Amino acid sequence: MVGRATALALAAAAARFLRLLPALLLGWLWLRAAEIIAALTPGAPAGATLRLAVRSLSDDAYALARHLPLLFLCSLPALLSRSPRTMRAWLGASWSSLLLLQAALIQYAAIAHVPLGADLFAYSWRDIGQTVGAGLQLAPAIIAGTVFALATLWVALAWLMRRAPGRAPGTARAYAASGLLVVSLALLPFTPAGLAQRNGETVDAYDLRLNKMAFFIDDSLRLALQRVAPPSAQTRTAAAAAAATAAARAGSAYPFLHVEQTPDELGPHFRLHAAKPPNLVFIIVEGLGRSFSGPGAPLGSFTPFLDELAAQGLYWENFLAVQGRTFAALPSIFGSLPFGANGFDALTGKLPEHTSLLGVLKANGYRLNFYAGTNLDFDGERAFLEAEGVDTLVDATNFPAGYARSNDWGYADGELVAAALAAEPRDEVQPFVTVLQTNSTHSPYTFRGQAAWRGRFERRLDEIGVAAGDKAGYRARREIYTTVLYLDDALRRYFAAARERNAYGNTIYIVTGDHRLPELPMDEWIDRYHVPLIISSPLLIAPERIKSISSDFDLAPSLLALLAHGSGIRTPRNVAWIGTGLDLEPAFRNLHRFPLKQTKTDLVDYIDGPWMQSRGRLYALSDGLHMDPAQDAAAQARVAAHFDAFVAANEQFARTRRLAPDGSFAALEDYGARAARARPPGGGPAASLQGIVVGAVDLPSRATGKMFPVVAVFTNEATQRSQRFVPLAVLLAPDGRELSEAYGQPLQLGAGESATVRLLVRRAGAGAGRNFLNVIPSHPVSGKRIGTGRYHVPVVIGG
């Protein structure tokens, strides 16, 4: 009897819920209208706005259908009240809270141009307060929409309740309403979180139409389930298999550990002094995106000085930052390090033992200087830099006297440049690494004297040929563009002063963006990561524009290889680099595979040769880093397997917080030791970790015929007998596509034993000219790598 009464009460509550729900929906409509109005740019076509509104309402309807049971549960205490007045007060208060939350999420997305998800929980309260305080800008349309939404909610709620103040819903209607909620709940696990991005729909339009509260709830639940829900047997099996293949470089305990074999691809482009190692200056520009910087920038270039610098140096047009925000920039650029759960810097306590460009050069006698205008406690950057042994560390907490802050974030780039130049000695004898991390090109996009730059902005629109009808869209974002121009001018002044100093002639300058700022229009998802890379120096032999893809992960390995080969710097024998070195091929191609992490909790993108997997879908990449949807089941399966392997390895590192056994990175060696490695004397950690390593690879000077021979040396550098492996050679086209594979007989080597293997590789459609070969020890069953191979070995195919 009690159970039937409870069921009837719940069914009646469900019927009341559906009868009163239009009051909340009307409030949501006001917020959706306000969101679209706030995002409109002057001159936006009416047809495009109408399509956006229809798609937005479709997304809202879908989100409501999925989350109807959750909304009912939130409303249930009020709906069970016997007093109409109490019910109206409770329901109005709870639904007002939902509208305010939705308005806050819309306001956040309007500022950040990305919806807020589970990444909120990856930041400390201090970092959240810093972000809100520095970037809070209330949009008038959203404020007005919120006021109208709340007013409409209360008026509509009162009107609906007056229509039937005390009438209990009929039994049939009550059970029908509860049945609808049950069906919605049953379908929830089987429906996607949101409507997929349509072909041709820009990233900005997709992000705008997403229901912000639904996205926040779904993403937060996803993170919560990952943390608490035990994986299914199938998931555990898949994860174990992925971890096993990813861990092959150095044994299952340390999946990222491997012997350093990065070739010196930069060396032929520089004239280094063997007895005088060059200085390095890194300029990491906040939010610098390729779409508004450099030749052929889709929005036009607002960095005229950097364009000049690019024309005089090595310029990568298709370079990728591997993070969508600053949180992983320093570990990726200087350490080529895995992310862990929320970014390497986010690891609390003592950082895991690792190696990095900064630490290696510190051990080689370099002085390390780091200058920033912000508080480096944000995103944990201070802890990382202190672990690297930085000698001079200047940020907003100890910025020199005599400079004025520009906003809540700290000091503008003009002040940063002036302070760095004043602090650096004019006649530096000791080799040094200096890093400038800018911040002006970050919300709220303000700096002292900004009004004077508005005329310069207008002139720049004319210089880059912006049509009169398009200028309104640019002017709507004038404050952003003026900060970009201001940043560019600050760097012009920095380089002008640097040229007057004695160290300039022996210094290599590296300029890149930490990610692409999201507030300017974006057409494709990969735009979030697409940044320029410039390497400029008086030591450079000739400038060159490079279209091949590389990433943050490749910088430290390549620069250390250059210094080791050209100036005798000693580098670690064992590393945990994710990158394999910069590709200097002028034509478009990609020989790398690596992950991209948009936010601290959002690892959904992976680059693999000519492919990108993004949010579960496969895309083909083309010059300019354009994404074209692809239907290739074999490629999708291969890319997904590689991505799963990385995710499993990254999760393992997040759990263990170890990249290698203690002391594994301590041993330094000359560049020449890479060519023909001998087993480390006396065993020890370095000797016991590596397993099967591919040494010398001999190829014909010109491969002709249908097949050509490859002779490779496989060595077991562990202190125990190896597992069985199959020698594997993979032929790659210049654009990174796999063309053919050649397998040898299964082998098992004793400790320190070597074997010379001859493989016959089929040309299989390889074009005449320069192609590439990977030679790896592979698993006898899965074919996955289970040791340290040789990669991107050039092979010339005859006609």
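With surrounded by fewer than 23 Cβ atoms within 10 Å (Cβ to Cβ) and at pLDDT below 90 as the only criterion, which of GLY300, GLY251 stands out?
The unique qualifying residue is GLY251.
Among the listed residues GLY787, GLY783, which satisfies the condition of being modelled with pLDDT under 85, of a type outside the set (A, V, I, L, M), in contact with a Phe, Trp or Tyr (Cβ under 9 Å, 6 or more places away or on another chain) and more than 20 Å from ALA635 (Cα to Cα)?
Working: GLY783 fails: more than 20 Å from ALA635 (Cα to Cα).
Residue meeting the stated conditions: GLY787.
Check ASN318, ASN342 and return the single one that is among the polar types (S, T, N, Q), open to solvent by 10 Å² or more (accessible area, probe 1.4 Å) and touching a residue at least 24 places away in the same chain (Cβ under 8 Å).
Values: ASN318 fails: open to solvent by 10 Å² or more (accessible area, probe 1.4 Å).
The conditions single out ASN342.
Name the one entry in ARG382, ARG405, ARG367 that is without any contact (Cβ under 8 Å) to a residue 24 or more places away in the chain and under 24 Å from PHE665 (Cβ atoms).
Numbers: ARG405 fails: under 24 Å from PHE665 (Cβ atoms); ARG367 fails: without any contact (Cβ under 8 Å) to a residue 24 or more places away in the chain.
Being without any contact (Cβ under 8 Å) to a residue 24 or more places away in the chain and under 24 Å from PHE665 (Cβ atoms) holds for just one of ARG382, ARG405, ARG367, which is ARG382.
Taking the criterion of being surrounded by 14 or more Cβ atoms within 10 Å (Cβ to Cβ) and within 23 Å of PRO661 (Cβ to Cβ), would at least one residue in the stretch 730-749 satisfy it?
Looking for residues that are surrounded by 14 or more Cβ atoms within 10 Å (Cβ to Cβ) and within 23 Å of PRO661 (Cβ to Cβ), one finds at least one in the stretch 730-749, hence yes.
Show the residue pairs meeting these rules: Cβ distance below 7 Å; 6+ apart or different chains; first residue within the stretch 191-210 and without any contact (Cβ under 8 Å) to a residue 24 or more places away in the chain and hydroxyl-bearing (Ser, Thr, Tyr); second residue surrounded by 15 or more Cβ atoms within 10 Å (Cβ to Cβ) and in a loop (DSSP other than H, G, I, E, B).
TYR206/GLN197
Which residue, of PHE370, PHE378, PHE384, is touching a Pro at 6+ places or on another chain (Cβ under 8 Å) and surrounded by 20 or more Cβ atoms within 10 Å (Cβ to Cβ)?
PHE384
In the stretch 286-295, how many are farther than 19 Å from THR434 by Cβ and either of a type in the set (A, V, I, L, M, F, W, C) or outside any loop (DSSP other than H, G, I, E, B) (or both)?
Residues flagged as farther than 19 Å from THR434 by Cβ and either of a type in the set (A, V, I, L, M, F, W, C) or outside any loop (DSSP other than H, G, I, E, B) (or both) within the stretch 286-295 amount to 3.
Please state which one of ALA174, ALA158, ALA151 is modelled with pLDDT under 75, farther than 30 Å from GLN598 by Cβ, over 22 Å from the mean Cα position of the chain (by Cα) and not hydroxyl-bearing (Ser, Thr, Tyr). Full working, then the answer.
Working: ALA158 fails: modelled with pLDDT under 75; ALA151 fails: modelled with pLDDT under 75.
After ruling out the rest, the residue left standing is ALA174.
Give the residues of the stretch 516-527 that are closer than 18 Å to HIS442 by Cβ and open to solvent by 10 Å² or more (accessible area, probe 1.4 Å), sorted by residue number.
Result: PRO518, GLU519, PRO521, ASP527.
Name the residues in the stretch 530-553 that are surrounded by fewer than 24 Cβ atoms within 10 Å (Cβ to Cβ) and among the acidic types (Asp, Glu), would you?
Selection gives GLU544 alone.
How many of the residues making up the stretch 593-614 are outside any strand (DSSP E or B), touching a residue at least 60 places away in the same chain (Cβ under 8 Å) and surrounded by fewer than 24 Cβ atoms within 10 Å (Cβ to Cβ)? Please lay out each step first, then the result.
Step one: list which residues in the stretch 593-614 are outside any strand (DSSP E or B), which gives 598, 600-601, 603-604, 609-610.
With the extra rule that they be touching a residue at least 60 places away in the same chain (Cβ under 8 Å), the set shrinks to 598, 600-601, 603, 609-610.
With surrounded by fewer than 24 Cβ atoms within 10 Å (Cβ to Cβ) added as a condition, the list becomes 598, 601, 603, 609-610.
The qualifying residues number 5.
Report the residue count in the stretch 554-590 for those that are small (Gly, Ala, Ser), crowded, with 24+ Cβ neighbours inside 10 Å and over 22 Å from LEU773 (Cβ atoms).
3
Residue by residue through the stretch 407-449, note down the ones that are out of contact with any helix residue (DSSP H, G or I) (no Cβ under 7 Å at 6 or more places or on another chain) and over 20 Å from ARG492 (Cα atoms).
Once the filter is applied, which keeps residues that are out of contact with any helix residue (DSSP H, G or I) (no Cβ under 7 Å at 6 or more places or on another chain) and over 20 Å from ARG492 (Cα atoms), the stretch 407-449 yields GLY410, VAL429, GLN430, PRO431, PHE432.
Could you go through the stretch 419-433 and let me know if any residue there is within 17 Å of GLN450 (Cα to Cα) and either in contact (Cβ under 8 Å) with a residue 40 or more places away in the chain or surrounded by 13 or more Cβ atoms within 10 Å (Cβ to Cβ) (or both). Walk me through how you get there before you give the answer.
Just the residues of the stretch 419-433 that are within 17 Å of GLN450 (Cα to Cα), to begin with: none.
No, the stretch 419-433 contains no residue that is within 17 Å of GLN450 (Cα to Cα) and either in contact (Cβ under 8 Å) with a residue 40 or more places away in the chain or surrounded by 13 or more Cβ atoms within 10 Å (Cβ to Cβ) (or both).
To keep it simple, each residue is scored yes or no on (1) of a type in the set (Val, Ile, Thr); (2) in a loop (DSSP other than H, G, I, E, B).
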site	(1), (2)
TYR481	no, no
ALA503	no, no
ARG516	no, yes
THR580	yes, yes
GLU585	no, yes
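For the list (1) among the hydroxyl-bearing types (Ser, Thr, Tyr); (2) open to solvent by 10 Å² or more (accessible area, probe 1.4 Å); (3) over 13 Å from the mean Cα position of the chain (by Cα), I need the number of the one condition that SER356 fails.
Only one criterion is unmet by SER356, namely (2).
Pull up the stretch 691-706, narrow it to residues that are part of a loop (DSSP other than H, G, I, E, B) and charged (D, E, K, R), then point me to the one that is nearest to the chain's Cα centre (by Cα).
ARG702
Scan (1) part of a helix (DSSP H, G or I); (2) more than 15 Å from MET213 (Cα to Cα); (3) of a type in the set (Val, Ile, Thr) for the single condition THR41 breaks and write down its number.
Failed condition: (1).
On the given criteria, is GLY683 more than 20 Å from TYR791 (Cβ to Cβ), outside any strand (DSSP E or B) and either at pLDDT below 80 or aromatic (Phe, Trp, Tyr) (or both)? Don't jump to the end; show me each part of the working.
Details: more than 20 Å from TYR791 (Cβ to Cβ): yes; outside any strand (DSSP E or B): yes; either at pLDDT below 80 or aromatic (Phe, Trp, Tyr) (or both): yes.
Spelling it out, GLY683 is indeed more than 20 Å from TYR791 (Cβ to Cβ), outside any strand (DSSP E or B) and either at pLDDT below 80 or aromatic (Phe, Trp, Tyr) (or both).
To keep it simple, each residue is scored yes or no on (1) under 22 Å from the mean Cα position of the chain (by Cα); (2) of a type outside the set (A, V, I, L, M); (3) within 29 Å of THR788 (Cβ to Cβ); (4) not in a strand (DSSP E or B).
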{"site": "THR262", "(1), (2), (3), (4)": "no, yes, yes, yes"}
{"site": "VAL281", "(1), (2), (3), (4)": "no, no, no, no"}
{"site": "ILE284", "(1), (2), (3), (4)": "yes, no, no, no"}
{"site": "SER301", "(1), (2), (3), (4)": "no, yes, no, yes"}
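I'd like the full set of residues that are assigned to a helix (DSSP H, G or I), open to solvent by 20 Å² or more (accessible area, probe 1.4 Å) and either at pLDDT 75 or above or under 17 Å from TYR445 (Cα atoms) (or both), limited to the stretch 113-145.
Once the filter is applied, which keeps residues that are assigned to a helix (DSSP H, G or I), open to solvent by 20 Å² or more (accessible area, probe 1.4 Å) and either at pLDDT 75 or above or under 17 Å from TYR445 (Cα atoms) (or both), the stretch 113-145 yields GLN130, THR131, VAL132, GLY133, PRO140, ALA141, ILE143, ALA144.
Can you confirm whether the stretch 496-504 contains a residue that is on the phi < 0 side of the Ramachandran plot and surrounded by 22 or more Cβ atoms within 10 Å (Cβ to Cβ)? It would help to see each step written out before you state the result.
Taking the stretch 496-504 as the starting set, the residues that turn out to be on the phi < 0 side of the Ramachandran plot are 496-504.
Still in the running and surrounded by 22 or more Cβ atoms within 10 Å (Cβ to Cβ): none.
Scanning the stretch 496-504, I find no residue that is on the phi < 0 side of the Ramachandran plot and surrounded by 22 or more Cβ atoms within 10 Å (Cβ to Cβ), so the answer is no.
For (1) at positive phi; (2) among the small types (Gly, Ala, Ser); (3) modelled with pLDDT under 85, each residue gets a yes or a no:
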| residue | (1), (2), (3) |
| --- | --- |
| LEU10 | no, no, yes |
| ARG16 | no, no, yes |
| ALA23 | no, yes, no |
| TRP30 | no, no, no |
| ALA39 | no, yes, yes |
| GLY43 | yes, yes, yes |
| ALA63 | no, yes, yes |
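Could we say that ASP644 is open to solvent by 50 Å² or more (accessible area, probe 1.4 Å) and modelled with pLDDT of 90 or more here?
Numbers: open to solvent by 50 Å² or more (accessible area, probe 1.4 Å): yes; modelled with pLDDT of 90 or more: yes.
Here the answer is yes, as ASP644 does meet what is asked.
The values are calculated or read from the model by the stated rules, or taken from the named source; none is laboratory data. As the structure is a computational prediction, the values presented were derived from the model and not from experiment. Note that each Cβ is placed from the backbone with ideal geometry, even for glycine, and that neighbours are counted across all protein chains shown. Note: accessible area is taken over every heavy atom of the protein model, side chains too, but ligands, DNA and RNA are not part of it. Shrake-Rupley method; radii C 1.70, N 1.55, O 1.52, S 1.80 Å.
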